[in-house]
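The values are calculated or read from the model by the stated rules, or taken from the named source; none is laboratory data. Bear in mind that the values here come from a model prediction, so they are computed numbers and not experimental data. Glycine gets a Cβ as well: all are built from the backbone with ideal geometry, and neighbour counts include every protein chain shown. With ligands, DNA and RNA removed, areas are computed over all heavy atoms of the protein, side chains included. Shrake-Rupley method; radii C 1.70, N 1.55, O 1.52, S 1.80 Å.
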Amino acid sequence: MGSHMLKNEPLRVFFRLYHMESLKSWSLLHEYIILLMLFTTVSKGSSCDAPSSPECFRRTAEAPDYRCEWSMNNTTESNVKFDLYIDEVRVRNIARTWFEINEKPFKRLKNRSVNIWVEAHIGNSSCASTNTSVVLSHTVKYEAPKHISMSWLQNNLSLNWTASEKHPAAAEILLRRDAHRTDSWKHITTNTTSDTSMHHVLVENLLKDTVYRVKIRHRSTKALNPLWSDWSPVVIVPAELEQKPEVTMNITLSNGTRKVALTWKKMPHAATYSLNDTQSSNGCTCKKIRDYPINTTETTYTTFVSYSAVKIFVNGRNAAGSSPPAILQIPAVPAAELKICDNTLLNIKPKKKTCPEWFELQDEDLWPRSVSDTDIKDYVRYLYFEHKCIDGKPWTLKMCLFYQKEGAPLREPQDFIAFSETHTSNLSWKAIPSADQRGFLTHYSLCSVKVSSQDERKECHNISASVMKYRLGNLTQGTKYNVSLVGVTRVGEGPEATVTINTLPEKPVNVLWSLCLLILFVILTTMCTCILKRIKDIFSAVPTPVIPDFIPYQPESQDFLERKEEVDELTLLQLHPEVKSVPEDAEESAVLAGEWEEDTDEDEDNERWDSRMLGGSSDECLSPGSTEEALRSSREGEITDVEQLDNEIAMLIYKKGLVFNVKTDSL
């Protein structure tokens, strides 16, 4: 590529044109001679690096324009100009390294081989590229892949980009892990699958929890001379988001609206978070529909919802896709006494700037299904809401239950069972499913009749529609009853649920058991009496000593007065049977007349007492004169019945206030 190329190339072009019979006259020969002179002119003052061979192509097989591209190492100088040659067609003074031309000038050349080269001019020097021979209509070069998207399918990576043509293309993919940027690129060549607008490639056996860097280029599979496109910019493929966000929700109930505060943990590999709700999809939102879904990079979000049932979806997002959504269900606000809507509700046009919302309540266990007012059916229960935006928040103005048309229930109350007793029976059941009620239940009708007699009158009771239990009373013992239960709407009664109950007969008293209980009672009573007496003997009360009035004895002589009488232990009184008026307290008495000595033991006291009773010395008790006088007076009495003379001597011995012994002797 230098002066040698510049010297030989013009001659080669000249002879090629000559053999193509393009030289029809000497005038044309003269022009080409001048051209030869221009080609052989080389500036001696500066050097020129020859540009690369140009590539001329169409972007697609049906594109009307051609694009020629080349490159040059030294393009920093602004005065570089290029001349493009396509056989005899010359395009002058091109300031860029590419040029687009319409098909019309090359219409007669597009289906045959042409020679293409480019010449660069820098100042007074010129240099030309090598010659390239191509058929223009056969050459197609796609643009570099655009709008690349990706997603993980297990450990396989799906890559998608905008298709240049509808048919599949060949693709070349370079990839490596982002954490190992010094590693060599992994090279993969494959064919795409295509639809009308996208190319698809599945790269298998990768690690879905790893970040990759990817480059892509593609080319046509239909063109006769396809060229590889330029490489796409490096694309970062993030790891897959396998877990759903951990979201906490706090609901604050206001008068007509609800404030919902959401908080979630930051997710690894998540670039943004997306939020959406069913209220916006129903159109009852105070924000514009185009604002949904809401994308944020924060981990908190606050919104307002109405009183109707709402689902909120939160998921993490990155270039490879979305995480599974965290679904937050906010049920409708329960009303203590939910009203029944007016039957003409569908015929009334909603108020201005209000949003009606309908929910079908077919199954109470399932989430209510949102429907439009044009989908309202007969015999189906609906929950109606009416909302309005106030200060940018959805407020619920009205909520009620609605039937477009009512009918009698289709099914009976469920699981109707009874528990029998002697005089009563406990009944329980489950409500008729909402889908089978076909109207508003006004009450349940419960009827019972005896089976034993045909003339028995049926007794019926109306029970509230909200009650699921009932106690049926005033039943006859040992009797069979047929009991029926039906649900009643404003239109009529539904099928009845029946159950048969048998009241329990009264059980006879078991005589043997009664006798055993009676014997047991007697035994226990006797034992308790003995125990109480024993306790009374052990803990008997200490009797109070009886001390009669003491009348001092008046002696007959002064000598006897001088003698001091001492009574240390006992006062002995002898009672006669004739005396009837003597009180019981006087029949036996023992008076402590003296003080006991502290150091005298009990044996000495007893001996002293025995000696006195046997006629010992009377100095310590009674004088001899007083004793003989008493005995003489007792003999003088006439005793008619000797057998009834019993003299009882009660002797009570006290020492320090305690009772030690009681002795009774007959004289």
Accessible area of segment 52-140 belonging to carbon and sulfur atoms, whole % at 1.4 Å probe: 45
Convex hull projection area averaged over all views, segment 345-467, Cα basis, nm²: 11.4
Quotient of C-alpha Rg and 2.2 N^0.38 Å, computed over segment 204-243: 1.68
Rg(Cα)/(2.2 N^0.38 Å) for segment 236-380, N = residue count: 1.24
Using θ = phi - 60° and Karplus 6.51 cos²θ - 1.76 cosθ + 1.60, couplings along segment 390-404 (whole Hz; Gly, Pro as x): 10, 6, x, 10, x, 10, 8, 9, 8, 8, 7, 9, 9, 10, 5
Rg(Cα) / (2.2 N^0.38 Å) computed for segment 142-237, rounded to two decimals: 1.05
Net length gained if the chain between residue 178 and residue 100 were fully extended (0.36 nm per residue, minus Cα distance): 24.3 nm
Net lengthening on full extension, residue 447/residue 410 (0.36 nm per residue, minus Cα-Cα): 11.4 nm
Within segment 355-505: Cβ-based charge dipole about Cα centre, in debye rounded to nearest 20 (Lys, Arg +1; Asp, Glu -1): 320
Trypsin sites (Lys or Arg not before Pro) restricted to segment 392-470 and DSSP loop, no more than 12 other C-beta within 10 Å: 457, 458
Apportionment of accessible area to carbon and sulfur, segment 142-237, percent (1.4 Å): 49
Nitroxide proxy distance, nm - points 7 Å out along Cα→Cβ at residue 338 and residue 236: 5.0
Unsatisfied cross-links (Cα-Cα over 18 Å) in the set 265/393; 430/450; 287/349; 377/405; 244/311: 265/393; 430/450; 287/349
Ranked packing of 173-185, 519-531, most packed first, by mean Cβ within 10 Å: 173-185, 519-531
Approximate spin-label separation residue 272-residue 460, in nm, with each point projected 7 Å along Cα-to-Cβ: 6.6
With eigenvalues of the C-alpha gyration tensor scaled by 5 and rooted, segment 52-140, Å: 24, 12, 11
Distance between modelled label sites at residue 474 and residue 252, nm, 7 Å Cα→Cβ extension: 5.7
At most 16 other Cβ within 10 Å, DSSP loop - trypsin sites (Lys or Arg not before Pro), segment 213-260: 222
Sites residue 190 and residue 354 - FRET efficiency at Förster radius 51 Å, r taken between beta-carbons, to 0.05: 0.35
Modelled FRET efficiency - R0 51 Å, residue 435 with residue 146, Cβ distances, 0.05 increments: 0.45
Length released on extending from residue 49 to residue 529, taking residue separation times 0.36 nm less the Cα-Cα span: 159.0 nm
Descending semi-axes in whole angstrom, ellipsoid equivalent of segment 305-345, from the Cα gyration tensor: 37, 12, 6
Around residue 102: net Lys/Arg minus Asp/Glu count, Cβ-Cβ under 14 Å: +4
Which of 448, 409, 434, positive extreme of dipole for segment 383-456 (C-beta unit charges): 434
Global geometry of segment 256-296, whether rounded, prolate or oblate, following the gyration tensor of its Cα atoms and the 1.5 cut on a/c: oblate
Volume per residue that the Cα convex hull of segment 403-463 spans, once the total is divided by residue count, Å³: 113
Lysine pairs within segment 142-237, Cα separation less than 20 Å, 8 or more sequence positions apart or different chains: 5
Spherically averaged projected area of segment 247-328 from its Cα convex hull (nm²): 5.4
Surface share of carbon and sulfur [accessible, 1.4 angstrom probe, percent] for segment 417-503: 46
Taking segment 289-369 and dividing mean pair separation by its residue count, relative contact order in percent (alpha carbons under 8 Å, at least six apart): 19
Relative contact order %, segment 114-218, counting alpha carbon pairs below 8 Å whose residues are six or more apart: 27
Percent RCO, i.e. relative contact order, over segment 52-140, from Cα pairs under 8 Å lying at least 6 residues apart: 34
